[in-house]
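Written below as structure tokens is the structure these notes are about.
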Amino acid sequence: MKTLLKKILAIFVMALAITSCSNDDETTSPVVNELEGLTKFKEITNTTHTIELYSHTGSTVQGYNEIKLRIKNNANNQYVKNAEITWMPIMHMAMMNHSCPNSEVEKITTDGTLYEGYIMFQMAQNETEYWDLKIDYTIDDVEYTMTSVIDVPASAKRTVNTFTGSDGVKYLVAYVDPHHPKVAVNDLVVGVWKMQDMMTFPVVDGYTVKIDPRMPSMGNHSSPNNVNATQTTAGNLYNGKLSLTMTGYWKINLQLAKPDGTIVKGEEITEAVTSSSIYFEIEF
Amino acid sequence: MKKLLLSTFLMLLPSIISAQDTNNSIIKEQSKKDTIKPIQMQEVIVIGKKAQLSDKQSKTLTSIDDYLQKSAKVDMIKRGAYAWEPIINSMPTERTLVTIDGMRIFGACTDKMDPITSYVEVSNLSEATICSGQEGACFGSTIGGSIDLKRNQNNFGNKKWNFNINSGFETNNQQKIIGTALNYTDNLFYVDTDFMLRDAENYKAGNNKEVLFSQFKKMNFSVTSGFKLSKNKLIEASLIYDKATDVGYPALPMDVSIAEAIITSLKYEYIPLNSIVTNWETKLYFNTIIHKMDDTKRPSVPIHMDMPGWSKTYGYYSKIKAKYNKHNLLVNLNSFYNKSLAEMTMYPADPNENLMFMLTWPDVITFYNGLFVEDNYALNCHSSIKVSASIGNHYNKIESELGLNSLQILYPEMEAQNSRFLKSFSANYNSSKNGLEFGFGAAYGERAPSITEAYGFYLFNSFENYDNIGSPNLKNETSLEGNVFIGLKKEKITLKMASSYFRISNYIVGKPDTSLIPMTIGATGVKIYTSLDYASIFNISFTSEIKFSRELKWNIQLVYGRGKDFNNVNLPFISPISYSTSIAYSKEKFSSEIVIQGNAKHTNFGAIYGEDKTPDYAIINANLGYKFNINKSKLITKFGIENILDTYYSTYSDWNNFPRQGRNFFVNLSIIL
């Protein structure tokens, strides 16, 4: 009996190992698949390297995008593990160019090949205006660069609010998570940035994003026990709790408050005010 | 208290109910040899025998609800013309226990539109046994009492076929009733079948005011078949199939498109010979209910919604009756496993928007295992002491992850499972000597919160106009109860005054929570079920029957109730003084009766529960019947007029004060071939 169990266990472990390996060929350690749940949406090539860009959805869209990438050496098809990477997304408009909030690009694990970061495209492309992404990287003190157009269609639901606050500062508030909302208490993640200049969009620290989820189709019904989004550490995204009592279309009304409590934008929902001027939309 | 005493005094009159002692001998060959019969306190409403409705009743084909509300202990919360909710000792479904031949069945409607009594028909039943308080704890935990609906019990005998046709018509709502019953009996085998169909349009309240959405259609089929395994062993299988469609609930914002039940059981009965055990009955049962609320026929609703519900119950009981010296023992081991699920889907005005879906009952398992023991000890030939006790384990589990997640929005710490231990105890003394009867008793009982009270999610109560949310960590409701009765039973006169008092601790009610925003469009707010310190309910009834002659009888029944919580706030659905009196004349094949029935003004109403003052009313009914014998066949005819004066009225137990039926002529015919 014991030996039989051992055999089954052995077969099981082997099966696991084989299936994990089959997806990626050469690089990763045999058990962990770095690309689990990711889909490649772009490949950019220059003479020396190819950069593969991945996201969970297999695309990029207006709003917050978590992007992972890896660099392949075209000479030997090996993935580079020791690159230093920076990126710069640029919106090319008729009259001007500007960037958007984006993070540093960091390696996920020391042994892995994947790098990650986020880009929050605050506006969508259109027929004449487009986004491109310039990636600069350094391998063994040699600098390289690549630039490619990135497809940023408009999001179906409102996930970004760009506005000038009562303090005159231009803010950007974006919906990050949950990707797949549930009838439950969801972990809510929100990003808050401000526009310092056309190319610089630092994270705003110490504010509070007040939330009030409502169902406009159901008499503007709200849900209990929501927790406003706040930061745990400066420079990070904001975390809160979002209660959703049923499926359907929800409007998450927002108010952005300064550390001293001053509301820089957004209205409280009352009988008369059924919607705030800044909000997110979700539907599931 | 003064008022109570006063009203006690005021009660000087008796009943329409034919109350009689229960005697459960099933197999004819086993005649009881008891010299001392235990004195029973329950009330028994006779409906009929062997699919042949009792010709003693004034309106044989009336609803079960109508039969039950004749009891002094029972009243009905009415949300329409159909499926009334029985309340026992002024307590609704959560605090009572309604069984069909000992089987536990749970309605599938979150809005209590399908009490168990709505899934059977009068033609299925022979009688209803009503027990007050803990005397009703035989098949599970209760606070207010129990109703056991007893099915027809056939006997083995000489080979015989029996065929009945029942038919009726009522003018007020054009209710058409047609039913058949076919029975076969021989020495080893019997089969009873019956079928009944009711189809009613909207009824009209007094002054010919049509009550929209009060129509209903109902079909009921039942079959019971028994086989004698040996002289003292019997096996019996039974099935009830009930389907109601297009049922209107004028007092509610929604109707019912379908309510369907399948109720099955398999019973084994053993009657040992020359043993202290006199009867051992074991039953396995299963029932399943589908209930779908529907608002598509309502002219204007803020948002259309579907609210289907499902309830499935598996269970068994094994009941042993024994007689040892002066002890009459009853032991009942019983268990049930119920699964209740209810959903709500709302359709947004914009058809491109996703449907709004939630679970209002999160697929909850209730698994109960209990043991009930009763000893009726005869002190002497005229008095006895009855002691009973029960213990049970009540286990709940939320099966649906979505349902659990939903509730965890409000109760982040709650777990899917919850186990409770329930106990009850009661003791009664009864005496009957030279026609003078009296008795008194005390009892303690507990109950677990109902699924709605523990796990309901945004359930709208149109009476209070609040959404209600359950509370999974409620304490058990516990009740201390005292009861007393005194009566006189002489040849020409029967009088009985009975009273009960309940002090219910951790009394479960919904309490407004202003921090929550209602889901239902137009609702005032949200209530969360909480436990009040305690509440007390007092009931008193007086019934009398005076026989002026063999033909002429005068019945009186008076009922009064009072219910308050620990802050002296009135509880809902507590009866004001309610009276009925009837004079019946019957001679040979002819019977006739005139009834006056009414309520005093309902002034002690529970305003915070949505009640308001209900004016007094009185209505007059009259009926007559004649029994024809044609060869070997019988034709029983009943004619009557209800609400002769076409009074427009509503009672304290009518949901949202909707009006009761106006003048109605009925005819009931039963042909027995």
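The values are calculated or read from the model by the stated rules, or taken from the named source; none is laboratory data. Since this is a predicted model, take the numbers as computed values, not measurements. Cβ coordinates were reconstructed from backbone atoms using ideal geometry, including for glycine residues, and neighbour counts include every protein chain displayed. When the accessible area is computed, the model is the full protein with side chains, heavy atoms only, and any ligands, DNA or RNA have been set aside. Shrake-Rupley method; radii C 1.70, N 1.55, O 1.52, S 1.80 Å.
Once the mean 1/r over all distinct Cα pairs of chain A is inverted, what Kirkwood radius in angstroms do you read off?
Details: mean 1/r = 0.0472 Å⁻¹.
Kirkwood radius, chain A: 21.2 Å.
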- Counted charge near residue A:47, where neighbours are those whose Cβ lies closer than 15 Å (Asp, Glu -1; Lys, Arg +1): -1
- Note to self: C-alpha centroids of the range B:504-542 and the range A:251-284 sit apart, in Å, by 33 Å
- Dipole of chain A, positive end: most advanced residue of A:196, A:183, A:252 [Cβ charges, Cα centre]: A:183
- Item | Value at 222 nm in deg cm²/dmol, rounded to 500, when DSSP H runs of n ≥ 4 in the protein assembly as shown each add -39,500 (n - 2.57) | -1500 deg cm²/dmol
- State, in square angstrom and to the nearest 100, the accessible area buried between chains A and B, both chains counted, probe radius 1.4 Å. 1800 Å²
- Item | Under the Karplus curve 6.51 cos²θ - 1.76 cosθ + 1.60, θ = phi - 60°, whole-Hz ³J(HN,Hα) for the range A:191-204, x wherever Gly or Pro sits | x, 10, 10, 10, 8, 7, 8, 4, 10, 10, 10, x, 5, 8
- May I ask which residue of B:631, B:617, B:566 lies farthest towards the positive end of the charge dipole of the range B:518-657, with charges of +1 (Lys, Arg) and -1 (Asp, Glu) on Cβ and the Cα centre as origin? B:631
- Bins of 5 Å, starting at 0 and running to the largest distance - Cα pair percent for the range B:392-443: 5, 14, 14, 10, 9, 7, 6, 8, 7, 7, 6, 5, 2
- Message: Give me the residues in the range B:331-368 whose solvent-accessible area, probe 1.4 Å, is reduced by at least 40 Å² once all protein chains are included instead of the chain isolated.
- Response: B:353, B:354, B:356, B:357
- From most to least accessible, 1.4 Å probe, no ligand or DNA/RNA atoms counted, B:655, B:310, B:161 line up as B:161, B:310, B:655
- Query: If you average the sequence gap of Cα pairs under 8 Å that are 6 or more apart and divide by the length of the range A:63-215, what percent do you get for the contact order?
  - Reply: 21 percent
- Query: Using the beta-carbon distance between residue B:490 and residue B:162 and R0 = 35 Å, what value does 1/(1 + (r/R0)^6) give for FRET efficiency, to the nearest 0.05?
  - Reply: 0.40
- In the range B:480-526, which residues give up 30 Å² or more of accessible area once the other protein chains are added, compared with their chain alone (1.4 Å probe)? B:517, B:519, B:521
- What are the semi-axes of the equivalent ellipsoid for chain B, taken as the square roots of 5 times the Cα gyration tensor eigenvalues, largest first, in whole Å? 36, 30, 27
- Note on the structure: Mean accessible area per residue over the protein assembly as shown (1.4 angstrom probe, all protein chains present, square angstrom) is 43 Å²
- Positive dipole terminus of the range B:114-224, leading residue within B:168, B:134, B:215 (C-beta point charges): B:168
- Report, to the nearest whole %, how much of the accessible area of the protein assembly as shown belongs to carbon and sulfur atoms, 1.4 Å probe, protein only. 57 percent
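Would you mind computing the Rg to Rh ratio of the protein assembly as shown from its alpha-carbon coordinates, Kirkwood style for Rh? Please report the intermediate quantities before stating the final value.
Values: Rg = 35.8 Å, Rh = 32.6 Å.
With Rg and the Kirkwood Rh in hand, the quotient comes to 1.10.
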- Message: Principal axis extents for the range B:239-333, Cα atoms only, whole Å, descending order, please.
- Response: 68, 24, 16
- Query: Which parts of the range A:225-249, residue by residue, lose 40 Å² or more of accessible area when the rest of the protein chains are there, as against the chain isolated (1.4 Å probe)?
  - Reply: A:225, A:245, A:246, A:247
- Message: Considering only C-alpha atoms, what is the centroid distance from the range B:153-201 to the range B:270-347, in Å?
- Response: 24 Å
- Message: Only four residue types carry charge here, +1 at the Cβ of Lys and Arg and -1 at the Cβ of Asp and Glu. Report the dipole size of the range B:414-515 about the Cα centre in Debye, rounded to the nearest 20.
- Response: 700 debye
- Query: So which of B:217/B:527; B:397/B:511; B:233/B:339 end up more than 28 Å apart, counting from Cα to Cα?
  - Reply: B:217/B:527; B:233/B:339
- Note on the structure: Given unit charges at Cβ for Lys, Arg (+) and Asp, Glu (-), the dipole magnitude of chain A about its Cα centre in debye, nearest 20, is 960 debye
- Task: In Å³ and rounded to a whole number, note down the convex hull volume per residue for the Cα atoms of the range B:498-630.
- Result: 180 Å³
- Work through the residues other than residue A:217 whose Cβ is under 11 Å from its Cβ and net out their charges, Lys, Arg +1 and Asp, Glu -1. -1
- Note on the structure: For chain B, the dipole about the Cα centre with charges only on Cβ (Lys and Arg +1, Asp and Glu -1), to the nearest 20 debye, works out at 3040 debye
- How much net charge surrounds residue A:187 when only the other residues with a Cβ under 14 Å from the Cβ of residue A:187 are counted, with Lys and Arg +1 and Asp and Glu -1? +1
- Flagged as over-length at 27 Å C-alpha distance, from B:70/B:632; B:70/B:547; B:475/B:564; B:496/B:553; A:107/A:251, the pairs are B:70/B:632; A:107/A:251
- Task: Enter the Cα centre distance for the pair the range B:379-453 and the range B:635-673, rounded to the nearest angstrom.
- Result: 36 Å
- Item | Simple label model, 7 Å out from Cα along Cβ direction - residue A:281 to residue A:236, nm | 3.1 nm
